[in-house]
Ligand code: NAD
């Protein structure tokens, strides 16, 4: 592909253990969000490439499923080592296409390593149950078997962590996999495919297919695909869930979020302000577990807002690969426009823009906008209701914990929610009552370690349970066997023989 006279290298698909390209395919530009310039192109696969990718996964599925579970884990262990060895390179790939700071990208790689570590214990996760002598000479036992070809469709904001948290578990369980990464950040997936091959994964077990809506629909409808994992925005998650269910596929579809952090009057306000700044503006607010809403209880609001603004003003926007940057660019020009228009509308709907990121004029190019803080936000305003997915912190003021819980629990989303307090009673009540899948107490972004499951409530998740630890159930189906082996020596019950011998 050539843009403005510049030839752009094309990111290929990865099918049957090798890069695959076609000269006639439709392509899309990959833009460096820190400059706004195209840096590569990516193929947008149609039904023909979908067929190839699924056929590759299908032909590898049986041999992989019958590979002993510890042998599969050994390959994943080698992949883990490669992730660690190539950590800096992978972080650079993330930053170049997604824009986040290198420190953040390194954190993403570290969380991916953790997801692989969980997957290497597949023998433990897949162990079944055994009930001896449920009737005379009869035992019942269970085990779990892989589904076959599984598909992952992933968002732009975690080019490595979200795909790895899907496919590490799926592969460990004995499935083959077709990954359809975000077309905005496709390079990391192909590099992961190369590292899996280097780790010893047989050809065809893991495939990468680039594309947009057409590729996704063709994957869901494909008769040889058994299960769909999706992570992305709520409207698309809902549609993926509906379409997958229509064709009888097992589906988990994780959607968007609008996470709240409640600050109680007894909280350590400096710790709360630090937490708000990192959770609202880190990764430019483009995390599904970012905190775009602070619910401030009682008369601490003025002091907390002042402390938060003071810290946010010191936040430096800049390219993700510059050591001085605290926050990189947004993913696209339209994402910047969305943030600008949310701020434009907020004032007309009764809120006060205390810190205005539109005034950040330190960049001539790229999709930058500074941190914003909007106070006195009403819960019926557009700023509050929409997922902005950018660096805006909305402050909602309430009188007590009851009112705070009512606000949080009225949100249609339920990805994460946190409370900052020095009261164990308030913290426990919050954890017990709040409607969210991941809850933090004095922790702003409560993403659990991968040894727990991850997934939201409400409009943040449709279909089956989520990722990481929960993925073992999603990526397998259970089989329960009831067996009778009758004793050949007449009149002697098997348990009696065992006890006496
Ligand atoms: P997106 O929904 O636009 O895209 C996600 C994936 O779906 C991409 O691969 C894209 O190509 C594909 N897609 C887009 N539109 C589609 C359509 N109409 N039909 C079929 N496929 C389609 O999301 P995004 O902008 O890439 O990512 C940001 C969103 O993801 C945010 O809403 C964020 O909250 C959410 N997210 C959620 C979690 C979670 O764990 N719940 C984690 C990360 C991101």
Plugging the Cβ-Cβ distance of residue 24 and residue 268 into 1/(1 + (r/R0)^6) at R0 = 51 Å yields, to the nearest 0.05, a FRET efficiency of 0.25
So, in nm, how far is label residue 59 from label residue 139 when the simple model puts each one 7 Å beyond its Cα toward the Cβ? 4.0
Say R0 is 56 Å: what FRET efficiency, to the nearest 0.05, do residue 340 and residue 486 get from their beta-carbon distance? 0.15
Ranked from fewest to most other Cβ atoms within 10 Å of their own Cβ, 451, 14, 64 fall in the order 451, 64, 14
With the 8 Å Cα cutoff and a minimum separation of six or more residues, the range 139-271 has a relative contact order in percent of 24
Counting only DSSP beta bridges with both residues in the range 132-257, what percent are antiparallel, rounded to the nearest 5? 5
Calculated from DSSP helices alone, with each H run of at least 4 adding -39500 (n - 2.57) and the total divided by the residues of the chain, [θ]222 nm to the nearest 500 comes to -12000 deg cm²/dmol
Tally the DSSP beta bridges in the chain and give the antiparallel ones as a percent, rounded to 5. 45
Quick one: grab the alpha carbon gyration tensor of the range 276-337, order the square roots of its eigenvalues as a ≥ b ≥ c, and give me rounded if a/c is under 1.5, else prolate or oblate depending on whether a/b is larger than b/c. prolate
Rounded to the nearest 0.05, FRET efficiency between residue 433 and residue 299 (Cβ-Cβ, R0 41 Å) equals 0.95
Show me the ranking of peptides 245-256, 125-136 by mean Cβ neighbours inside 10 Å, starting with the highest. 245-256, 125-136
Describe numerically, in nm with one decimal, the distance between label points set 7 Å from Cα along Cα→Cβ at residue 242 and at residue 316. 4.8
With a 10 Å radius around each residue's Cβ, average the other Cβ atoms per peptide and rank 414-420, 309-315, 466-472, highest first. 414-420, 466-472, 309-315
Three-way shape label, the chain, alpha-carbon gyration tensor, a/c 1.5: oblate
Can you give me the relative contact order of the chain as a percent, contacts being Cα pairs under 8 Å and 6 or more apart? 18
Sorted on mean Cβ neighbours within 10 Å (highest first), peptides 473-480, 148-155 come out as 148-155, 473-480
Mean Cα-pair separation over length for the range 232-283, i.e. relative contact order, pairs under 8 Å, 6 or more apart, %: 32
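Rounded, prolate or oblate, given the Cα gyration tensor of the range 1-139, with a/c below 1.5 counting as rounded?
oblate
Only the coordinates and a few stated rules stand behind these numbers; no lab work does. Keep in mind that what you see is a predicted model, and the values were worked out from it rather than measured. Note: ideal-geometry Cβ built from the backbone for every residue, glycine included; neighbour counts use all protein chains shown.
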